[in-house]
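Written below as structure tokens is the structure these notes are about.
The values are calculated or read from the model by the stated rules, or taken from the named source; none is laboratory data. This structure is a prediction, so every number in the text was calculated from the model and none was measured. Cβ placement follows ideal geometry from the backbone for every residue including glycine, while neighbour counts extend to all protein chains displayed.
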Amino acid sequence: MATPLLQLVNIRKEFPGVLALDKVNLDIQEGEVLALVGENGAGKSTLIKILAGALSGYEGEILWKGEPFRANQTWEVQQAGISTIYQELTSCPELSVAENIFLGREPKKKGGIIDWKRMNDMAAEVLDTLHMHINPAARVSSLTVANQQLIEIARALTMEAKLIIMDEPTSSLSEHEVKTLCEIVKKLREQGISVLYISHKFEEIFELSDRISVLRDGKYIGTRDTKDASLDEILAMMVGRSVDMHFVARSTKKEEVVLKVDNLTSKGFFEDISFELHRGEILGISGLVGAGRTEMARGIFGVDRVDSGSMVIYGEERRIPMSPGEALKLGIGFLPEDRKEQGLVLMMSIGENVSLPSLAKNKKNFVISFGKEKEDVEDYIQRLSIKTPSLNQLAQNLSGGNQQKVVIAKWLASKSKILIFDEPTRGIDIGAKAEIYDLMNELVAQDYSIIMISSELPEVMGMSDRIMIMHEGKQVALLDRDAASPEEIMGYATGAM
């Protein structure tokens, strides 16, 4: 076999408390479309950032055209011939198409003045190779998302890229736009340009790729020739791990419905979401990034406005909360996905963070009872085994697991009995995960009810009584825990079923 265009040898990257990549080996041939797949958190994004020169401090070796190459700076990577097109577009919307294509590389006349005519002509030429009929002088903000994405491909071509990395390139595109992009990828391959294609959409992967490589938990699992691979095999490679560690069987949930949501819709994010949450139940919400899970949770909690839908709490019809304050009065608590930015005030103490939603309960005649507040906080520190020298410790100085416990304590102190946990164990070590799982089991045993959003299949399957699966803003399945398989959940979540 010919020398690979790009070869990764034992790439390892560790963040505090998290081993993101563990001796990953990967290669891509010249003129090949290699699909890279894996669950959320498998290490794909970390790998992309390393290849793009946006993330340093990794171990292992990168070989480019057979020679050692250190990806330390984005400009070095681009000069070598590697371009990255991220899921979040990086174009400058108020500049023209031509300006975006040649940003930082504008052709100049004598005296350093930009040669606008030449730049527009050069832009028109590269756009023509992509069969894009766009005015090079048009503002990028006036284009569709699909065309903005193609502008980034055009930029890569003008930089003479030999490898283009595409991260979820069709996540925001219509069916027609997806077909256009797929045709472009095929043309790139015909021109001898390699594409590393990261996607959760298996229909595209099987149509476009020559080979499929799988990452799981930061490890390289294997590569299959697409023509010989089956969907079931790839799914099994993505999720093939033990799911029963730290998980215990619970008694059957109660029949009482504490929360009923009907036809909840927020245009552009999710639509017609309906479910029931029972007393003492964990309802798991599974799906890929962009499926609308977090947006739905924020809508229920009143962070974001919803367009339509109805809600019944403890048998009484209520309006959808217009603010977190209204949700709190209804007995709903929300542990957000980003605990540091949205769940905690890092420069405040543990005691102050835990007390924030409960200030009204701890005051009399507009005076806060600090004695009662301190007593409550110390009780929750003990009950949740929060490791801290005192309740005056700043939240920013705690470990990730203990920060998560402080957020949980905050909502328990507010007496909320309906809890929404969005990625409750993201970014915490395995010991802290086990403690969070134990705590959740204790809560449901005490008749709390939990909606748990998670991207980790073992967590969803091990902790949930029932599992609701979302795909592209829609509710596509509702499965009992005992009847669900990893392959089935992943199949629904990717739209393959």
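When the stretch 171-221 is filtered for residues that are within 19 Å of I85 (Cβ to Cβ), small (G, A, S) and either touching a strand residue (DSSP E or B) at 6+ places or on another chain (Cβ under 8 Å) or modelled with pLDDT of 95 or more (or both), the ones remaining, listed by number, are S194, S199, S209, S213. Report yes if I28 is aliphatic (A, V, I, L, M), out of contact with any helix residue (DSSP H, G or I) (no Cβ under 7 Å at 6 or more places or on another chain) and without any contact (Cβ under 8 Å) to a residue 60 or more places away in the chain, otherwise no. For I28, the condition - aliphatic (A, V, I, L, M), out of contact with any helix residue (DSSP H, G or I) (no Cβ under 7 Å at 6 or more places or on another chain) and without any contact (Cβ under 8 Å) to a residue 60 or more places away in the chain - is not met. When K49 is tested against (1) surrounded by 20 or more Cβ atoms within 10 Å (Cβ to Cβ); (2) in a strand (DSSP E or B); (3) among the basic types (K, R), just one condition goes unmet, and that condition is (2).
Residue-wise test of (1) at pLDDT below 95; (2) surrounded by fewer than 23 Cβ atoms within 10 Å (Cβ to Cβ); (3) more than 19 Å from P336 (Cα to Cα); (4) aromatic (F, W, Y).
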residue	(1), (2), (3), (4)
K260	no, yes, yes, no
K267	yes, yes, yes, no
F270	yes, no, no, yes
S286	yes, no, no, no
G292	yes, yes, no, no
E295	yes, yes, no, no
G302	yes, yes, no, no
S308	yes, yes, yes, no
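Out of curiosity, is N135 at pLDDT 85 or above, surrounded by fewer than 21 Cβ atoms within 10 Å (Cβ to Cβ) and in a loop (DSSP other than H, G, I, E, B)? Against the criterion (at pLDDT 85 or above, surrounded by fewer than 21 Cβ atoms within 10 Å (Cβ to Cβ) and in a loop (DSSP other than H, G, I, E, B)), N135 qualifies.
What is the one condition in (1) under 17 Å from the mean Cα position of the chain (by Cα); (2) closer than 25 Å to E204 by Cβ; (3) in contact (Cβ under 8 Å) with a residue 24 or more places away in the chain that V18 does not satisfy? So V18 meets the others, but not (2).
What residue, among those in the stretch 178-195 that are of a type in the set (A, V, I, L, M) and not in a helix (DSSP H, G or I), is nearest to F206 (Cα to Cα)? Selected residue: V195.
Table: residues versus (1) in the same structural domain as K267 (by TED's automatic domain parsing); (2) buried (at least 22 other Cβ atoms within 10 Å of the Cβ); (3) touching a Lys or Arg at 6+ places or on another chain (Cβ under 7 Å); (4) of a type outside the set (D, E).
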{"position": "P424", "(1), (2), (3), (4)": "yes, yes, no, yes"}
{"position": "A432", "(1), (2), (3), (4)": "yes, no, no, yes"}
{"position": "D438", "(1), (2), (3), (4)": "yes, no, no, no"}
{"position": "L457", "(1), (2), (3), (4)": "yes, yes, no, yes"}
{"position": "M470", "(1), (2), (3), (4)": "yes, yes, yes, yes"}
{"position": "A477", "(1), (2), (3), (4)": "yes, no, no, yes"}
{"position": "A483", "(1), (2), (3), (4)": "yes, no, no, yes"}
{"position": "I489", "(1), (2), (3), (4)": "yes, yes, no, yes"}
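Rundown of residues vs (1) closer than 30 Å to F275 by Cα; (2) in contact with a Phe, Trp or Tyr (Cβ under 6 Å, 6 or more places away or on another chain); (3) at pLDDT 80 or above, yes/no style:
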{"site": "G315", "(1), (2), (3)": "yes, no, yes"}
{"site": "S323", "(1), (2), (3)": "yes, no, yes"}
{"site": "L335", "(1), (2), (3)": "yes, yes, yes"}
{"site": "R339", "(1), (2), (3)": "yes, no, no"}
{"site": "L359", "(1), (2), (3)": "no, no, no"}
{"site": "I368", "(1), (2), (3)": "no, no, no"}
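Within the stretch 26-44, the set of residues being within 17 Å of V214 (Cα to Cα) and either surrounded by fewer than 19 Cβ atoms within 10 Å (Cβ to Cβ) or not small (G, A, S) (or both) comprises L26, D27, I28, Q29, E32, V33, L34, L36, V37, E39, N40, K44.
Within the stretch 54-78, the only residue that satisfies the criterion of being on the phi > 0 side of the Ramachandran plot and modelled with pLDDT under 90 is G57.
Scanning the stretch 178-196 for residues that are closer than 24 Å to V97 by Cβ and under 23 Å from the mean Cα position of the chain (by Cα) gives V178, L181, V195.
Comparison of L103, L63 shows that the only residue that is assigned to a loop (DSSP other than H, G, I, E, B), surrounded by fewer than 19 Cβ atoms within 10 Å (Cβ to Cβ) and of a type in the set (A, V, I, L, M) is L103.
Residues in the stretch 206-231 that are over 15 Å from E39 (Cα atoms), assigned to a loop (DSSP other than H, G, I, E, B) and not charged (D, E, K, R): 3 in all.
Every residue in the stretch 72-95 that is within 22 Å of G192 (Cβ to Cβ), free of Cβ contacts under 8 Å to residues at least 40 places away in the same chain and in contact with a Ser or Thr (Cβ under 9 Å, 6 or more places away or on another chain), please. Matches in the stretch 72-95: V77 only. Here K23 fits the description: touching a residue at least 40 places away in the same chain (Cβ under 8 Å) and either part of a strand (DSSP E or B) or buried (at least 20 other Cβ atoms within 10 Å of the Cβ) (or both). Please verify whether the stretch 139-158 includes one or more residues that are in the same structural domain as L188 (by TED's automatic domain parsing), in contact (Cβ under 8 Å) with a residue 40 or more places away in the chain and in a loop (DSSP other than H, G, I, E, B). Yes, because at least one residue in the stretch 139-158 is in the same structural domain as L188 (by TED's automatic domain parsing), in contact (Cβ under 8 Å) with a residue 40 or more places away in the chain and in a loop (DSSP other than H, G, I, E, B). A42 meets each of the listed conditions (1) in contact (Cβ under 8 Å) with a residue 60 or more places away in the chain; (2) among the small types (G, A, S); (3) over 24 Å from A229 (Cβ atoms) apart from (3). Summed over the stretch 465-474, residues that are under 22 Å from V257 (Cα atoms) and touching an Asp or Glu at 6+ places or on another chain (Cβ under 7 Å) total 2. If you take the residues in the stretch 159-177 that are outside any loop (DSSP other than H, G, I, E, B) and surrounded by 19 or more Cβ atoms within 10 Å (Cβ to Cβ), which one is nearest to the chain's Cα centre (by Cα)? Per the criteria, the residue is D167. Step by step: first the residues of the stretch 1-13, then only those that are loosely packed, with under 15 Cβ neighbours inside 10 Å and part of a strand (DSSP E or B), then the one that is nearest to the chain's Cα centre (by Cα). Which residue is that? Among those that are loosely packed, with under 15 Cβ neighbours inside 10 Å and part of a strand (DSSP E or B), it is R12.
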